[in-house]
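Have a look at the structure below before the remarks.
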Amino acid sequence: MTTKRQLARIVILAIFTTLVFFIGRELYYARSYVQMINPVSVSFDEMVQKAEVIARGVVTKKIGSYRTIENGEVMVYTRWQFNVDRVYKGNPGQTIKLKTAGGRYGLTEVQVEGAPKITPGKEVVIFISKQNGDYIFQFNQGYCDVTQDAQGGEILVQQLSKEVKTFDDLISAIK
């Protein structure tokens, strides 16, 4: 057998071994999970006081997802890009990278009940804490849709509780 043939067989074997390893690893995690997370509920005023950043803007796109193993449990996180239109508290810059629990990575999908329902292009107000990166504060309590009331005025609707607040309420709570 020639040296070229031996080298070709070694390369093919190395590629095959690598593929088997990565495919086997992905198949090991190939499952769907539904997780329940029950964050401690806080009042609107408390959320305003504890949040390091409060900003209004639009989630423009999903950046990507990644998988981790925490305490023996598989978890997927999704990163989003948020373009800031107005800052009410803090100094976040023009874009914020948000991280939310749940999503799809490879063959692993994790659905977290109560996680914010993020729709790119929709205008929202976020309350975030930067303790471990840019997270939505108090899981999903800090994710509020911007919409209009019956009189045409803009209001905040908290996704979790459906609590309605005006922007005047927000500004008063910050002061």
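Checked against the criterion of being within 25 Å of Pro120 (Cβ to Cβ) and at pLDDT 85 or above, the candidates Leu156, Leu160 yield just one match: Leu156.
Conditions tested, residue by residue: (1) out of contact with any strand residue (DSSP E or B) (no Cβ under 9 Å at 6 or more places or on another chain); (2) of a type in the set (Ser, Thr, Tyr); (3) surrounded by 13 or more Cβ atoms within 10 Å (Cβ to Cβ).
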{"residue": "Asp45", "(1), (2), (3)": "yes, no, no"}
{"residue": "Tyr66", "(1), (2), (3)": "no, yes, yes"}
{"residue": "Tyr88", "(1), (2), (3)": "no, yes, yes"}
{"residue": "Ile96", "(1), (2), (3)": "no, no, yes"}
{"residue": "Val124", "(1), (2), (3)": "no, no, yes"}
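From the list Val74, Val34, Val84, the lone residue that is modelled with pLDDT under 85, part of a strand (DSSP E or B), under 18 Å from the mean Cα position of the chain (by Cα) and surrounded by 15 or more Cβ atoms within 10 Å (Cβ to Cβ) is Val74. Scanning the stretch 41-66 for residues that are among the charged types (D, E, K, R) and outside any strand (DSSP E or B) gives Asp45, Glu46, Lys50, Glu52. Against the definition (in a strand (DSSP E or B), of a type in the set (Gly, Ala, Ser), at positive phi and touching a residue at least 12 places away in the same chain (Cβ under 8 Å)), how does Gly121 come out, yes or no? Here the answer is no, as Gly121 does not meet what is asked. Evaluation of Asp45 against the conditions (1) under 20 Å from the mean Cα position of the chain (by Cα); (2) modelled with pLDDT of 80 or more shows that the sole unmet condition is (1).
The values are calculated or read from the model by the stated rules, or taken from the named source; none is laboratory data. Note that the structure is a prediction, hence the values are computed from the model and not measured. When we count neighbours, we look across all protein chains shown, and the Cβ atoms used for this are built from the backbone with ideal geometry, even at glycine.
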